[in-house]
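Written below as structure tokens is the structure these notes are about.
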Amino acid sequence: GGDLVECTLTPYDGFEAGTPLLATVPIANTPPVIALASVGPTDAAVSDDDVTATDPLLCSWTEPFDADGSNVAITIEWTIDGELVGTEAELSSGYGAGDEVVCSVYGNDGTDQGDPAVASIMIQNTLPTIGDVYISPDPGYAASTLVCAWDDYQDIDGDPDVSIPSWFINGLFAGVGP
């Protein structure tokens, strides 16, 4: 961009040349193009379909192309529900189960910003954990009403504890409930 192209035409009938005329057109800058972006977990062992809130994400993109030959600066925007949550190639927090995390990669040649290359990934549920499980009273007796309890329930996605214990007697299933 920035060049001025001229065309001069001299009319000619095969015998004499007429008065030449000149036309000019400025060549506008062409915004840079990033053809493709992709999002996935930083750990190659984790499938894109199994990404949870504990998996860091990586945004990658194809080499930018600028038709004018200008250097292209890259800007990255991570968003969830339209809210900006990051600006680096890697994102490792701020998302949970059910979120669609979007990475938009913009190229800017110093004059114009091109359209973004956009990719997204869905965040799956993270498995909850408990710290310990115990039966009371301990020891139990044939006439005892036993209760199964647990502590330190944690769910990084913020889901409530709806755990239901299963009971076994000598390895055989005996029922469910507290």
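The values are calculated or read from the model by the stated rules, or taken from the named source; none is laboratory data. Keep in mind that this is a model prediction, so the values were computed, not measured. Methodologically, a virtual Cβ is constructed for each residue, glycine included, from the backbone with ideal geometry; neighbour enumeration extends over all protein chains shown. Note: accessible area is taken over every heavy atom of the protein model, side chains too, but ligands, DNA and RNA are not part of it. Shrake-Rupley method; radii C 1.70, N 1.55, O 1.52, S 1.80 Å.
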Candidates D66, D49, filtered to the one that is out of contact with any strand residue (DSSP E or B) (no Cβ under 7 Å at 6 or more places or on another chain) and open to solvent by 20 Å² or more (accessible area, probe 1.4 Å): D49
First in the stretch 148-170 and on the phi > 0 side of the Ramachandran plot and basic (K, R), second anywhere and part of a strand (DSSP E or B) and surrounded by 10 or more Cβ atoms within 10 Å (Cβ to Cβ), Cβ under 6 Å, 6 or more apart: none
Leading residue by the ranking (modelled with the lowest pLDDT) among those in the stretch 1-29 that are assigned to a loop (DSSP other than H, G, I, E, B) and open to solvent by less than 60 Å² (accessible area, probe 1.4 Å): G1
Selected residue (criterion: nearest to I27 (Cα to Cα)) from residues of the stretch 73-95 that are in contact (Cβ under 8 Å) with a residue 24 or more places away in the chain and buried (at least 19 other Cβ atoms within 10 Å of the Cβ): W78
Scope the stretch 126-174; condition more than 30 Å from D99 (Cβ to Cβ), under 43 Å from the mean Cα position of the chain (by Cα) and either assigned to a strand (DSSP E or B) or aliphatic (A, V, I, L, M) (or both); matching residues: D132, V133, Y134, C148, A149, S166, W167
Boolean, V101 is crowded, with 17+ Cβ neighbours inside 10 Å and either in contact (Cβ under 8 Å) with a residue 60 or more places away in the chain or assigned to a strand (DSSP E or B) (or both): yes
Flag for Y106 being outside any loop (DSSP other than H, G, I, E, B), of a type in the set (S, T, Y) and more than 28 Å from L57 (Cβ to Cβ): no
